[in-house]
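The structure appears right after this line, and notes come after that.
No lab work stands behind these numbers, since they all come straight from the coordinates. These numbers come from a predicted model, not from an experiment. In this analysis, Cβ positions are derived from the backbone assuming ideal geometry, glycine residues included, and neighbour counts consider all displayed protein chains.
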Amino acid sequence: MPRKPSAHKEEKPISSISSIRLDEGKRIFIRDLLNEKNEGKQVSLLGWVWRKREHSNDIFVVVRDSTGVMQAVIPSKLVKKPIYIEASVEITGVVTKDERAPGGFEIRASGISIIGDSEKYPISKDFSEEFLLDVRHLWNRSTKIKNIMLVREKVLAGARDWFASQEWHEVNPPILTGSAVEGGATLFELDYHGKTAYLSQSAQLYLETLIFPLEKVWSLTPSFRAEKSRTNRHLMEFWHLEGEVAWLDFEGILKAEEQLLTAMVHRAAEAAPKELAALGRDPEDLFRIKPPFKRVHYDEVVKIMKKSGIEMEAGEDLSSEHEKQLTAKEKAPIFVVEYPKKVKPFYTKIDQNRPDFVLSADMLAPEGYGEISTGGQREDDLDAIITRIKAEGFNPKAYEWYLDLRRYGSVPHSGFGLGIDRLVKWITKRETILDTLPYPRTLSRIYP
Ligand code: NSS
């Protein structure tokens, strides 16, 4: 009996999804095709249709993948059905040098198969900001948001490496909590099997507990704030990079913060220079940032505002307008050091020389961007902290576990919290914080 030819010997048509061998590690990316090395090579490229136009007998399709965009020229006669924007495709053809093509190379295609067809793509040239938020799940494919996500990734990689180089330990504190850190007004409350719980506003209190076993700890977590107003720098859910260190004083934590921040922005400049430039940020601006950062005392801020004719009472907190005024002409972050006790939370340490002030500092981003982090020395005295918990209207009972840290081997310690979204807003020169993460949560928006 004649044997049937075995299935694996058959040439599979490229038009079926099953023909794409994703497991072979042979995937070709656009980034690697835009150079002389591959000129003349026959390739098969996977991606999405980014732009399309027809010209005499050819169709020009610009394809995008996660690494870039590349043009393919396909004879119209090979195209059997309409090609829509954002359809996923496999294009086969020869890599050819052509100065007219974006990136200087194109694929002279001998075939295109549509892997996942697309309906008429809802995002065209004219769109409102609100509409783009409605279709954020699609808008995240845009070059702009993609570039911001890549910069953000590099910034975080820079932080991770810096912490490792300084032997800080990464830990995972809880998000569901039973007590407030940053005041009651912005708590998201939820029912926890009949008890009241909250979404974490900050990991700080838990990080403070972990300095006892590990001394230098950090975490990256979402933090939640039920902010009641709509601004261009507040989110309901933001990403919080926080650290806490035993045996470290106020000056020590400021030094750590400026080194960490420098490492983060330098990493972005090294690893994502093209993305930064496309967003309007010269990577050199970031390379120029180096410690030590300028320090301005709160008293000085009050004087500066008086001189500039901007209203500010001694003792009040800085508004975004004050921060803008302070940083508009700066090229690197600055610290505002020491704040009046009453504008900072119960955990901040009182300055022994000026008991109305606390050892707390905000880092303000330059160019008018304003506050990106808060840090300082923590109150390590049991009685002092109980008095201040009560003064903020909280019940010390809810903080028994936290107070234990001052009962069993309390040590001088310091820490900080840095808002990643705000940092990214500054370095990518965004007007609004909503651009800095894929699904911004705002006062009115939980969809998509
Ligand atoms: O409220 S903070 O000023 N400080 C804390 O939460 C401390 N417990 C942190 C610590 O020392 N471990 O928030 C810290 C930073 C602040 O400077 C902003 O950059 C950011 O967190 N932050 C926000 N970003 C975006 N949206 C909102 N709503 C927001 N709130 C704070």
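Distance from a point 7 Å along Cα→Cβ of Ser319 to each backbone N in the range 172-213: keep the residues under 19 Å and list them by number.
It comes to no residues whatsoever.
Under the 0.36 nm per residue contour assumption, what length would be gained going from the current alpha-carbon distance of Lys52 and Lys429 to full extension? Can you show the working numbers first?
Values: separation 377, 0.36 × 377 = 135.72 nm, distance 3.02 nm.
Gain on stretching Lys52 to Lys429: 132.7 nm.
Projected onto the charge dipole of the range 41-86 (+1 at Lys/Arg Cβ, -1 at Asp/Glu Cβ, origin at the Cα centre), which of Pro75, Val61, Trp50 gives the Cα projection farthest towards the positive end?
The residue sitting farthest along the positive end of the dipole is Pro75.
What trypsin sites (Lys or Arg not before Pro) does the range 354-415 have in DSSP loop regions with at most 11 other beta carbons within 10 Å?
Arg407
I need two numbers for the range 47-90: Rg to one decimal and Dmax as a whole number, Cα atoms only, in Å.
Rg, Dmax (Cα atoms, Å): 10.0, 30.
How big is the Kirkwood radius of the range 301-354, worked out from every pair of different alpha carbons and given in Å to one decimal?
On the way: mean 1/r = 0.0793 Å⁻¹.
For the range 301-354, inverting the mean 1/r across all distinct Cα pairs yields 12.6 Å.
Using only alpha carbons, build the gyration tensor for the range 321-427 and give me the equivalent ellipsoid semi-axes, biggest first, whole Å.
Numbers: eigenvalues 182, 41, 30 Å².
The equivalent ellipsoid of the range 321-427 has semi-axes of 30, 14, 12 Å.
Nothing charged except the Cβ atoms of Lys and Arg (+1) and of Asp and Glu (-1): what's the magnitude of the dipole of the chain about its Cα centre? Round to the nearest 20 debye. Intermediate values should be presented prior to the final figure.
Details: 66 positive and 68 negative charges, 389 e Å.
So the magnitude is around 1880 debye.
So what is the calculated 222 nm ellipticity per residue for the chain, using -39500 (n - 2.57) for each DSSP H run with n of 4 or more, over all residues, to the nearest 500 deg cm²/dmol? Working shown, then result.
On the way: 13 runs with 123 residues, N = 448.
Result for the chain: -8000 deg cm²/dmol, rounded to the nearest 500.
Highest mean first, what order results for 34-45, 238-249 on Cβ atoms within 10 Å?
Values: 34-45: 13.9, 238-249: 21.8.
So the order, starting with the most tightly packed, is 238-249, 34-45.
Quote to one decimal, in nm, the extra length available between Leu190 and Trp247 on full extension: 0.36 nm per residue of separation minus the C-alpha distance between them. Write down the numbers at each step before the final one.
Values: separation 57, 0.36 × 57 = 20.52 nm, distance 3.60 nm.
Additional length available on full extension: 16.9 nm.
Using only Cα atoms and rounding to the nearest 10 degrees, what angle (0 to 90) does helix 382-391 make with the longest principal axis of the chain?
80 degrees
Under a 10 Å cutoff between Cα atoms, tell me which one of Gly309, Gly375, Gly103 has the largest fluctuation in the Gaussian network model of the chain.
Residue with maximal mean-square fluctuation among Gly309, Gly375, Gly103: Gly309.
Along each principal axis of its Cα atoms, how long is the range 345-391 end to end? Whole angstroms, biggest number first, please.
That works out to 41, 22, 16 Å along the principal axes.
Measure nothing but the geometry: give the 0 to 90° angle between the long axis through the Cα atoms of 250-271 and the longest principal axis through the Cα atoms of the chain, rounded to 10°.
Rounded to the nearest ten degrees, it is 10.
Where does the Debye-calculated log10 I(q)/I(0) of the range 257-383 sit at q = 0.16, 0.18, 0.19 Å⁻¹, using only Cα point scatterers of equal weight, no solvent?
These q points yield log10 I(q)/I(0) values of -0.83, -0.97, -1.04.
Hey, what did the chain get for relative contact order, percent, Cα under 8 Å, at least 6 apart?
Reported relative contact order: 13 percent.
Which three numbers, in whole Å and largest first, are the semi-axes of the equivalent ellipsoid of the chain derived from its Cα gyration tensor as √(5λ)?
Working: eigenvalues 538, 123, 87 Å².
Here the semi-axes work out to 52, 25, 21 Å.
With Kirkwood's inverse mean 1/r over C-alpha pairs for Rh, give me the Rg to Rh ratio of the range 382-448, two decimals please. Mind showing how you got there, number by number?
Details: Rg = 19.0 Å, Rh = 15.7 Å.
So for the range 382-448, dividing Rg by the Kirkwood Rh gives 1.21.
Over all pairs of distinct alpha carbons, what does the Kirkwood formula give as the hydrodynamic radius of the range 191-268, in Å?
14.8 Å
Where the only charges are on Cβ atoms (+1 Lys, Arg; -1 Asp, Glu), what is the dipole of the range 387-448 about its Cα centre, to the nearest 20 debye?
On the way: 11 positive and 6 negative charges, 18 e Å.
Result for the range 387-448 is approximately 80 debye, rounded to the nearest 20.
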